[in-house]
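I have placed the structure first, in the form of structure tokens, so that the comments after it can refer back to it.
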Amino acid sequence: MGMTMTQKILAAHAGLDHVEAGQLIEAKLDLVLGNDITSPVAIHEIEKMNVDGVFDKDKIALVMDHFVPNKDIKSAEHTKCVREFACKHQVTNFFDVGKMGIEHALLPEQGLVTAGDVVIGADSHTCTYGALGAFSTGVGSTDMAAGMATGKAWFKVPQAIRFVLTGKPAKWISGKDIILHIIGMIGVDGALYQSMEFTGDGVSYLTMDDRFTIANMAIEAGGKNGIFPVDDVTIAYLKEHCDREYQAFAADEDAEYAAEYTIDLSALKPTVSFPHLPENTRTFDQIDDVPIDQVVIGSCTNGHISDLRIAAEILEGRKVADGVRCIIIPATQTIYLEAMEAGYLRTFIEAGAIVSTPTCGPCLGGYMGVLAEGERCVSTTNRNFVGRMGHVDSEVYLASPAVAAASAVTGKISSPEEL
């Protein structure tokens, strides 16, 4: 029996010719990631181990992004802990104020992940890098500590689900609509501990930003990872961002899949996930008037330059509705500069929105957009659990940047086609 993409990558890093679903393996790591929330726990654990430093100072990335610039004393103490650890062990890839960005947008941009890599990160959305043809997955802080110390991690080889994407998406359909459609179709546990492997002619119509978004939210379907084939779009991105050699793995024709779904991208409609689970999806023929209080456009899911371009196209010459707060967050400093040079920041500000430094802040109810009791927010983030962005009696509606920007203008959940 052949192997899937994920199985081939894991086999290569375990030094094995073949692996099967359910098999326990120890694999070498190409990168270990932590942020300002999860890294301090890992650091305290590694300090208990009888190890002399980290396994490779060039293969660890510590990104200060959740509460940076620090919002309070506790967050300041967390970043100080990581800062001192990075200095002590001469960690090459330490990203602090002025250099930081939202980790899952920053690492590909900096060329720290490439096709064929195995990456673990103490953040559930580490699965983002599957867009580049890598195996990447979230782990706990203790596993992060072990990874930093040894450069290895244990895995149970996952089964895979094959998603065959066909057709060309319509103008306002983006990666966010595609992944929300899939999660709505299979549920938040529909891919539990399975690899979500995307293929088909429709993949060629997806930008790298679309793929990052889709892979990022694989965890919202319970997936162990999401992964895309390495095609011309991937190779062009890697040539621009990464100077390391890479290996492109492809699934065998006789690879075994637990399930297979075919999705016609040309038939998809703008999709919104209603509270309080990402699987609670609706299209606009199922949505009545839902007034809102806030819009957030950003996050590791949708803070890319293409996301800001779409938002700017919709907000150009328009105004944010009275009573609505519109918060826009470029995912990295580089994206911030691109948006500035393209004139998007002026467009946002003239429309009545605000623009923040790169941060995860509002996505997890941290800062820069915490919701009060009874408030509703349309957000391009990735989770809408109870209390995710603030008060337990607030509501989060997940949507694409196009839907979020249109909703900011109308003051209610709206499709860009309505403008």
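Observations
- Potential lengthening between Gln286 and Lys80 on full extension [0.36 nm per residue; Cα-Cα distance subtracted]: 69.3 nm
- Hydrodynamic radius of the stretch 180-323 per Kirkwood, over alpha carbon pairs, in Å: 17.6
- Pair-distance profile P(r), taking every C-alpha pair of the chain, with 20 angstrom steps and integer %: 28, 59, 12, 0
- For the stretch 309-374, the solvent-accessible area of protein heavy atoms averages 45 Å² per residue (probe radius 1.4 Å; ligands and nucleic acids excluded).
- By accessible area, using a 1.4 Å probe on protein heavy atoms only, the stretch 254-310 has 42% of its surface on carbon and sulfur.
- Table column - 3J(HN,Hα) (Hz), the stretch 137-153, Karplus curve with 6.51, -1.76, 1.60, x for Gly and Pro: 8, x, 9, x, 5, 5, 5, 4, 4, 4, x, 5, 7, 10, x, 9, 8
- Net +/- balance of residues flanking Thr347 in space, Cβ distance below 15 Å, scoring K and R +1, D and E -1: -2
- Under-5 Å amide H pairs with Ala61, H placed in peptide plane, nonlocal only: Val32, Leu33, Gly34
- Shape class of the stretch 299-341 from the Cα gyration tensor (axes a ≥ b ≥ c, square roots of the eigenvalues): prolate, since a/c reaches 1.5 or more and a/b is larger than b/c.
- Relative contact order [Cα under 8 Å, 6+ residues apart], the chain, whole percent: 17
- Karplus-derived 3J(HN,Hα) values for the stretch 350-355, using 6.51 cos²θ - 1.76 cosθ + 1.60 with θ = phi - 60°, are 5, 7, x, 8, 10, 10 Hz; glycine and proline are entered as x.
- Entries of Lys239/Lys269; Lys224/Lys412; Lys59/Lys239; Lys8/Lys176; Lys80/Lys224; Lys171/Lys224 with Cα pairs more than 26 Å apart: Lys239/Lys269; Lys224/Lys412; Lys8/Lys176; Lys80/Lys224; Lys171/Lys224
- For the stretch 355-404, fraction of C-alpha pairs farther apart than 15 Å, in %: 39
- Solvent-accessible area of Thr357 with every protein chain in place, 1.4 Å probe, in Å² to the nearest 10: 50
- Accessible surface computed residue by residue for the stretch 107-210, with neighbouring protein chains in place and a 1.4 Å probe, gives 28 Å² per residue.
- Value of [θ]222 nm, deg cm²/dmol, for the chain, DSSP H segments ≥ 4, -39500 (n - 2.57) each, nearest 500: -8500 deg cm²/dmol
- Hull-based mean projected area of the stretch 304-386, where the convex hull spans the alpha carbons, in square nanometres: 5.5
- Here's how it looks for Leu371: its modeled amide H is under 5 Å from those of Gly390, His391, which are all 5 or more places away or on a different chain.
- Sorting the segments 103-110, 410-417, 247-254 by their mean number of nearby beta carbons within 10 angstrom, highest to lowest, gives 103-110, 410-417, 247-254.
- Debye, to nearest 20: dipole size of the chain, +1 on Lys, Arg Cβ, -1 on Asp, Glu Cβ: 700
- Accessible carbon and sulfur surface of the stretch 77-194 relative to its total accessible area, %, 1.4 Å: 51
- Span from the the stretch 78-92 Cα centroid across to the the stretch 165-230 one, whole angstrom: 35
- For His276, the solvent-accessible surface with a 1.4 Å probe is about 70 Å², rounded to the nearest 10.
- Glu253-Lys48 pseudo-label distance in nm [points 7 Å out on the Cα-to-Cβ vector]: 5.2
- Charge context of Val320, other residues only, Cβ under 13 angstrom, K/R +1, D/E -1: 0
- Accessible surface ranking that places the most exposed of Val272, Val54 first, with a 1.4 angstrom probe: Val54, Val272
- Other residues with beta-carbon under 11 Å from the beta-carbon of Glu103 carry, at +1 per Lys or Arg and -1 per Asp or Glu, a net charge of -4.
- Put simply, when 220-227, 200-207, 289-296, 396-403 are sorted by average Cβ atoms within 10 angstrom per residue, most first, you get 396-403, 220-227, 289-296, 200-207.
- Rh by Kirkwood over Cα pairs, then Stokes-Einstein D for the stretch 45-157 at 0.692 mPa s and 37 °C, µm²/s: 223
The values are calculated or read from the model by the stated rules, or taken from the named source; none is laboratory data. The model shown is predicted, which means the values in this text are computed figures rather than measured ones. Every residue, glycine as well, gets a Cβ built from its backbone with ideal geometry; the counts of neighbours run over all protein chains shown. Ligands, DNA and RNA are stripped out before the accessible areas are found, and what is left, the full protein with its side chains, is counted by its heavy atoms. Shrake-Rupley method; radii C 1.70, N 1.55, O 1.52, S 1.80 Å.
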